[in-house]
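> Handing you this structure, nothing more for now.
Nothing in this text is a laboratory measurement; each read-out follows from the coordinates by a stated rule. It should be emphasised that the depicted structure is a prediction, and the values quoted were computed from it without experimental measurement. In this analysis, Cβ positions are derived from the backbone assuming ideal geometry, glycine residues included, and neighbour counts consider all displayed protein chains.
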Amino acid sequence: MALHKVKAAKDVEGVEDAVDLFAGPVGSRVLPNKKIPEGHARPEAVYEVIRQELLLDGNAAQNLATFCTTWSEDQVRRLMAECLGKNLIDKDEYPQTAEIEARCVAMLADLWNAPGGHAAMGCSTTGSSEAAMLGGLALKWRWRDRRKAEGKPYDRPNLVCGPVQICWEKFARYFDVELRQVPLEPGATGLRPHQLERYVDENTIGVVAILGVTFTCDYEPVKAISDELGRIQATTGLDIPIHVDAASGGFIAPFLHPHLAWDFRVERVASINSSGHKYGMAPLGVGWVVWREPELLPKDLIFDVDYLGGSMPTFALNFSRPGGEVVAQYYLFLRLGRQGYREVQEACAASAQYLAEQIAAMGPFKLLYDGKGALPAVSYTLEDPAGAGFSLYDLTEQLRMRGWQVPSYPLPADRQDTVIQRIMIRHGIGRDQIALLVADIRRSLDRLTTATVSDAERTGFHH
Ligand SMILES: *Cc1c(COP(=O)(O)O)cnc(C)c1O
């Protein structure tokens with residue numbers, strides 16, 4: 001204690017004597033922002049001032065833009081804290097965490113109807129982005145091996161997809177693959193099978209089908225896409241595999257749409273990725289990728305790490321990663337069970353459909369997705385953007401005054417003139433919250449469409 005006092009007095013003058021942390025050396029100054037300070041400071045003081053700064057962030061619970069988990073049970077928080085020091089890559093040092101990861105992969109392979117069940121190959125990742133890279137790499141390697149074996153050129157691979165999330169654009173650029181993004185047809189919410197013919201060729205490493213299009217929340221028709229690729233194979237001989245980007249749908253469809261064939265029941269589906277930290281309900285930092293069978297993951301993409309005196313195959317872009325998210329995912333599988341996942345997702349879907357009805361009834365909006373048949377979400381646009389007297393961006397701003405984060409953004413390629421709003425309903429967002437949001441949307445519309453409102457009032461400088 002005495003020693004501590006001497007050091008403290010030397011490094012940060014007055015640290016021990018402040019009567020209150022806001023009168024002390026940390027709380028009464030602007031925080032360092034360019035250089036690491038020379039001296040140390042009291043943990044409770046630093047904690048408090050950083051916590052205060054973070055209040056400037058949006059409130060995650062009111063972030064209706066995100067698919068990601070913003071609510072967790074206390075037990076999840078405790079397991080996360082208990083796993084703080086565990087490195088997922090150290091399979092030898094933390095064999096039980098490695099075992100838990102393997103159990104999760106087996107459970108997901110089973111959930112997604114892999115033919116060999118738990119014999120399927122897969123791993124955890126930091127999210128769907130890394131999982132997509134791995135899925136894409138396996139497609140590229142298999143295509144290249146085949147082309148080499150056939151003595152054909154293998155320098156111009158392409159990947160065909162609809163309105164994909166940015167991770168696929170990254171994959172294409174980082175790994176030198178041409179991304180052939182099929183434009184959205186008017187009225188369509190994703191890739192349509194009949195469009196494929198014009199985009200695939202002998203250099204196509206695969207087609208990405210999205211279960212839960214980021215922009216519109218709808219599913220792309222995996223089975224029909226597969227049937228179309230079957231037809232193309234029959235006429236051209238091209239055997240093109242599908243990777244399903246089920247970032248959000250991978251934890252929705254098995255529970256809400258169990259009869260929809262989108263997964264390994266569709267033979268052409270070679271691999272699937274999903275975000276554990278989206279509708280998997282795990283905290284941020286975990287995704288999954290699973291291959292139909294181990295043979296679909298080329299051997300030279302696999303590295304071995306030490307494990308219980310032997311070695312364990314790994315395939316990942318990262319080395320060190322936290323173990324807690326994977327453990328939390330396993331907790332959620334056991335804690336909720338299939339029934340629990342079903343009930344949570346059903347409650348979310350019911351709230352989304354309620355919200356869709358309310359929004360449709362307000363007048364100025366045209367629903368693009370009503371929360372039925374795919375993700376628990378709603379997307380809509382203005383019925384008459386030119387005549388509405390306000391833009392969706394104005395509505396975003398109004399709602400933000402109450403803390404709601406409801407983004408407005410243009411649709412992707414070829415439909416960019418259409419601006420839409422999207423509201424995600426997920427675990428932790430209750431019906432009451434949605435009812436309050438509806439009341440705030442109504443109030444905002446009143447404000448935006450009342451002719452007497454001055455510009456100053458519109459931008460929020462009243463009261
Ligand atoms: C969110 C999302 C991703 C990226 O997933 P992360 O887990 O955030 O890396 C990829 N594809 C789709 C369809 C998504 O919704």
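> For q values of 0.10, 0.17 Å⁻¹, compute log₁₀ I(q)/I(0) with the Debye formula on a Cα-only model of the range 74-333, without solvent.
-0.48, -1.32
> Before anything else, pin down the relative contact order of the range 73-205: Cα pairs under 8 Å, at least 6 apart, normalised by residue count, whole percent.
18
> At q = 0.20, 0.21, 0.29 Å⁻¹, what log₁₀ I(q)/I(0) does the range 109-172 have when each alpha carbon counts as one equal point scatterer in the Debye sum?
-0.96, -1.00, -1.14
> So for each of 86-96, 231-241 I average, over its residues, the number of other beta carbons within 10 Å; can you give me the resulting order with the highest mean first?
86-96, 231-241
> Can you give the alpha-carbon Rg of the chain over 2.2 N^0.38 Å, where N counts its residues?
Taking the Cα Rg and dividing by 2.2 N^0.38 Å, one obtains 1.12.
> Another question, if that's okay. For the range 227-306, what is the percent of antiparallel DSSP beta bridges, rounded to the nearest 5?
Within the range 227-306, antiparallel bridges account for around 55 percent of the total.
> For the chain, what is the relative contact order in percent, using Cα pairs closer than 8 Å and at least 6 residues apart in sequence?
In percent, rounded to a whole number, it is 19.
> What relative contact order, as a whole-number percentage, does the range 345-459 give when Cα pairs under 8 Å and 6 or more residues apart are counted?
Over the range 345-459, the number comes to 27 percent.
> Peptides 421-429, 76-84, 167-175: what's the order by average Cβ count within 10 Å, highest mean first?
So the peptides 421-429, 76-84, 167-175, ranked by packing, come out 421-429, 167-175, 76-84.
> Which length gain, in nm to one decimal place, applies between GLU267 and LEU54 when the Cα-Cα distance is subtracted from 0.36 nm times their residue separation?
71.9 nm
> I need the per residue convex hull volume for the range 345-459, using only the alpha carbons, in cubic angstrom as a whole number.
Once divided by residue count, the hull of the range 345-459 is 103 Å³.
> Hey, another quick one. Based on the mean of other beta carbon atoms within 10 Å per residue, what is the order of 212-221, 354-363, 319-328, most packed first?
Result, highest mean Cβ count within 10 Å first: 212-221, 319-328, 354-363.
> Efficiency by 1/(1 + (r/R0)^6): what FRET value for LYS366 and GLU73, r their Cβ-Cβ distance, R0 = 30 Å, to the nearest 0.05?
Approximately 0.20, to the nearest 0.05.
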